[in-house]
Each structure stands twice: as structure tokens, then as C-alpha cells.
Amino acid sequence: MTERRRGAALEAALLDAAWAELTEHGYANFTMDAVVQRAGTSRPVLYRRWSDRHELVRATIIRALERDEITVPDTGSLRGDVLTLMRQVNATRIQLVTLVSVHLAGYYQETGTSPADLRRVLRGDRKDGLDALYARAAQRGEIGPTPLPDRVRSLPFDLLHHEVLMTLAPVPEDVLTEIVDTIFLPLARRASN
């Protein structure tokens, strides 16, 4: 006889099942019933937690982000920090980036939202870890005291996402280095002075 799951264990099983459904079948074929069947539970159990598949998708993505949480590095240099952070994203978030950007097109259409809207919901009120990274770089004199414009701050990660979407694969190390050394650092130094 199998032990009955409750609380956090049951919720984890449901979200794991939802993640598997999303990654294997995409949003177009994502149903509450498929999640129920994969999790080996009942519809009322699922619907007590999430009233529709939109809520379940958001909860599933939040769990994926929390499971593979990325820490903001402190390597002692802006170059090292940005490269290390990009490597972490490259190693742990390729499937998530692809899912959120490509496979959720139907979700965005149904909800009238965009990937940027979903990102805002997922981030909530969390402080951006890049704030500390760029503040340390300014304190070390690697960039000037003027805060970087938002587009410059996010540029290396935006280019990383672009590369992922073009190849649907991890980005090679030489491309990460080129993004940081050739594009980002010269622009960041110029934009902050």
C-alpha cells in the first residue's frame, strides 16, 4: 500500500508532474487532467490548489526557478561576476528559457500577456541581484558612478537568451566571453561615466 501524500510532498508531486507535462508536451497539450494522471491523484486535489491551467503554469515556473536558484557571484571583478552568472544561467536555465520564450506562446495568447509580463509576475518584489553586482563594480572603479541604464544592465543576459532561442542549446564559452568582453564591458564603462 502506498503512503498518501499530503501538504508540501503532494504539492511538489503535482508541480513535478506539471513541469514534466509542459516540457514533454508543450503548453498546447498541457491539461489539468494530464497533470492529475501523471501525479496519480484526483482532480479535486489539483483544483483546490490551482483553479485553472494558467495558475498552474505560473506556479510550475516559479517552482522551477526556486529549484534551480542562481546565486549572484562575487569574483572580485565585473567581468568575472557577469561571466560566472551567465555560466550559471547557461548551465541550469536553458530548458526554462526555451519553455518560457517558445513553448508558452499559447499561454501568452490566452492570457493576453507577454514573456515580460510573466517575468514581472515571477519576480514579484524580489530585489534584483544585479544591483549588488553593479554596485560592487562601481565601488571597485570598474564602471563609473552613474547607474547603468536598464538595457545595458540586462544586455549580456538578453544576448544569452537570444543565443539560446536561436540554437535551443547551451551557449558555447567563447560566445559568452565575446558577449562580455567585446560588447558589454566597453558599453558599461561608457554608459556609467
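The values are calculated or read from the model by the stated rules, or taken from the named source; none is laboratory data. None of these values were measured; they are calculated from a predicted model. Here Cβ is always computed from backbone atoms with ideal geometry, including for glycine, and neighbour counts include all displayed protein chains. Protein only, heavy atoms only, side chains kept; ligands, DNA and RNA dropped before computing areas. Shrake-Rupley method; radii C 1.70, N 1.55, O 1.52, S 1.80 Å.
I'd like the trypsin sites (Lys or Arg not before Pro) in the stretch 93-171 restricted to DSSP loop residues with at most 15 other Cβ atoms within 10 Å, sorted by number. Let's see the in-between values first.
Values: sites: ARG93, ARG119, ARG120, ARG123, ARG126, LYS127, ARG136, ARG140, ARG151, ARG153; in loops: ARG93, ARG126, LYS127, ARG140.
Within the stretch 93-171, the qualifying trypsin sites (Lys or Arg not before Pro) (loop, at most 15 other Cβ atoms within 10 Å) are ARG126, LYS127, ARG140.
Can you give the Kirkwood hydrodynamic radius for the stretch 7-65, in Å, rounded to one decimal and based on Cα pairs? Don't jump to the answer; show the numbers that get you there.
Values: mean 1/r = 0.0908 Å⁻¹.
One decimal place: 11.0 Å for the Kirkwood radius.
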Candidates ALA132, ALA18, ALA59: whichever shows maximal mean-square fluctuation once the chain is modelled as a Gaussian network with Cα springs under 10 Å: ALA132
Where the centre of each part is set by its Cα atoms, how far does the stretch 135-193 sit from the stretch 1-72, in angstrom? 34 Å
GluC sites (Glu not before Pro) lying in DSSP loop within the stretch 60-146, provided at most 13 other Cβ fall within 10 Å: GLU69
Probe 1.4 Å, all protein chains in place: accessible area of ASP174 in Å², nearest 10? 110 Å²
FRET efficiency for THR23 and ASP74, Cβ-Cβ distance as r, R0 = 41 Å, nearest 0.05? 0.80
Once you have the alpha carbon radius of gyration of the chain, what is it after dividing by 2.2 N^0.38 Å, with N set to its residue count? 1.20
